[in-house]
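The numbers here are math on the coordinates, done by the rules we state, and not lab data. This is a predicted model, so every value here is computed, not measured. Positions of Cβ are generated from backbone atoms using ideal geometry, with glycine treated the same way; all protein chains shown enter the neighbour counts.
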Ligand code: B12
């Protein structure tokens, strides 16, 4: 299903990339589904081709930057902030450069009625936690693609909890598709491998969290099916 997208990306063809994503939209898929069903499989295939040395790093970079551009250009202009929209700060861990997923979940959060603040790749722990401490958001979403980054994630979560005690901590990314049990190692409120579960969590939680000081948020939140609530919850 993602074959035509792989071809368009490797050819660097913006027109065809945009057309394929627009057709999926017209068929009723939202960005969360488009990402899960089209973009992730296409980039996974491109990653395998790169690992087998069938394509170069330059071709992989071309494909990634093309998807990033098309997603960003297709996004609705954010305009006025919806009143009472809860804030979510989104960041890749220190040392984590896989930022396309973050770009996409930022747009999905906006579509779900949240106000995303996207910090991008390789965010140092100290900078992230200082940022959260100054203006605690209702949630923080950490994206992690490489298994070796689990210890960094665990330490980052510990510091986030200290800096912004009421902020919900969401963790996700590619590694949880490969090993769903890794989530149990983390002290997160919500762990999911995919953006569809995240979209559902954001929709469900939006009303409960509204815009209010994070420190006064309810202790427990409902978790939609599909995501993985932390055992024992917070
Ligand atoms: C593009 C890419 C890169 C680019 C990233 C550029 C960018 N702007 O993002 C660059 C060139 C930087 C890169 C570097 C490396 N990469 Co790379 N990369 C990829 C590739 C091809 C695609 C990743 C991608 O964007 N996928 C599409 C997005 C949309 O999917 P996603 O990231 O999974 O995000 C979705 C979900 O996970 C979820 N999600 C994401 N975040 C969150 C957060 C929350 C809270 C939730 C709920 C959900 C969620 O929603 C997202 C949207 O659908 C993958 C191949 C693959 N199988 O994924 C390899 C891949 C991940 N890379 C790999 C490797 C080895 C590397 C390098 C080590 C290579 C090197 N020797 O330098 C470095 C490491 C850099 C680092 N320290 O981070 C390997 C990892 C192998 C492993 N051990 O697991 C892969 C699998 C390639 C391969 N087949 O070998 N890479």
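Observations on the structure shown:
- For the chain, calculated [θ]222 nm from helices alone, where every DSSP H run of n ≥ 4 adds -39500 (n - 2.57): -14000 deg cm²/dmol
- Mean Cβ neighbour count within 10 Å, used as a protection proxy, ranking 119-127, 50-58, 195-203, 29-37 highest first: 195-203, 29-37, 119-127, 50-58
- Compared with the dominant principal axis of the Cα atoms in the chain, helix 57-74 is inclined by about 60°.
- Helix 125-134 axis versus longest C-alpha principal axis of the chain: approximately 50°, rounded to the nearest ten.
- Cα centroid separation, the stretch 49-110 to the stretch 176-201 (Å): 18
- Rounded to the nearest 10 degrees, the inclination of helix 100-111 to the longest alpha-carbon principal axis of the chain is 60 degrees.
- Where both bridge residues fall in the stretch 87-229, DSSP classifies roughly 10% of the beta bridges as antiparallel.
- Relative contact order for the chain: 18 percent, from Cα pairs under 8 Å spaced at least 6 residues apart, divided by residue count.
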